[in-house]
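Notes follow the structure.
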Amino acid sequence: MNNRMTYVQQRLLEHKRRFTAKEFAGLWEIATAELDYRKVIEAAGRIPYVPSFRQKVEPKLNAIGLTLESRPANDGSRRKLYAIRPIKENAPS
């Protein structure tokens with residue numbers, strides 16, 4: 001197991017006060033998994049429904065330079081993978 005903290009985890013810890021305890025626990029879970037299916041995240045119990053959680057915390061994440069990214073799974077299903085990533089500057093909109 002790698003005990004090194006990622007950039008995302010460092011940013012979350014630095015700005016922990018911006019989030020409620022429940023929001024922070026959910027974000028930390030996503031940050032430690034790095035890239036996971038929505039159902040796996042929801043099954044852990046901290047976040048009941050990821051899309052509504054994303055809508056709630058996205059403005060706070062954007063303020064610290066992060067985003068809760070969702071992308072289609074590369075397995076032919078309609079499932080989504082979620083991860084917290086840094087916002088890419090100068091990216092085309």
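Table for the structure above
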| item | result |
| --- | --- |
| Yes/no for Gly65 being at positive phi and modelled with pLDDT of 90 or more | yes |
| Selection from segment 44-55 of residues that are out of contact with any Phe, Trp or Tyr (no Cβ under 7 Å at 6 or more places or on another chain) and surrounded by 15 or more Cβ atoms within 10 Å (Cβ to Cβ) | Arg46, Phe53, Arg54 |
| Residue match in segment 32-45 (condition: under 19 Å from Ala73 (Cβ atoms), touching a residue at least 24 places away in the same chain (Cβ under 8 Å), touching a Pro at 6+ places or on another chain (Cβ under 9 Å) and not aliphatic (A, V, I, L, M)) | yes |
| Criterion (in contact (Cβ under 8 Å) with a residue 40 or more places away in the chain, in contact with a helix residue (DSSP H, G or I) (Cβ under 8 Å, 6 or more places away or on another chain) and surrounded by fewer than 18 Cβ atoms within 10 Å (Cβ to Cβ)) met by exactly one of Lys80, Lys16 | Lys80 |
| Hits in segment 1-13 (condition: exposed (fewer than 13 other Cβ atoms within 10 Å of the Cβ) and modelled with pLDDT of 95 or more) | Leu13 |
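Results for (1) hydroxyl-bearing (Ser, Thr, Tyr); (2) modelled with pLDDT of 95 or more; (3) under 14 Å from the mean Cα position of the chain (by Cα), shown as yes or no for each residue.
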site: Asp36; (1), (2), (3): no, no, yes
site: Tyr49; (1), (2), (3): yes, no, yes
site: Lys80; (1), (2), (3): no, no, yes
site: Ala83; (1), (2), (3): no, no, yes
site: Lys88; (1), (2), (3): no, no, no
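The values are calculated or read from the model by the stated rules, or taken from the named source; none is laboratory data. Note that this is a predicted model, so its numbers are computed, not measured. Because the Cβ atoms are built from the backbone with ideal geometry, glycine has one as well, and the counts that use them run over all protein chains shown.
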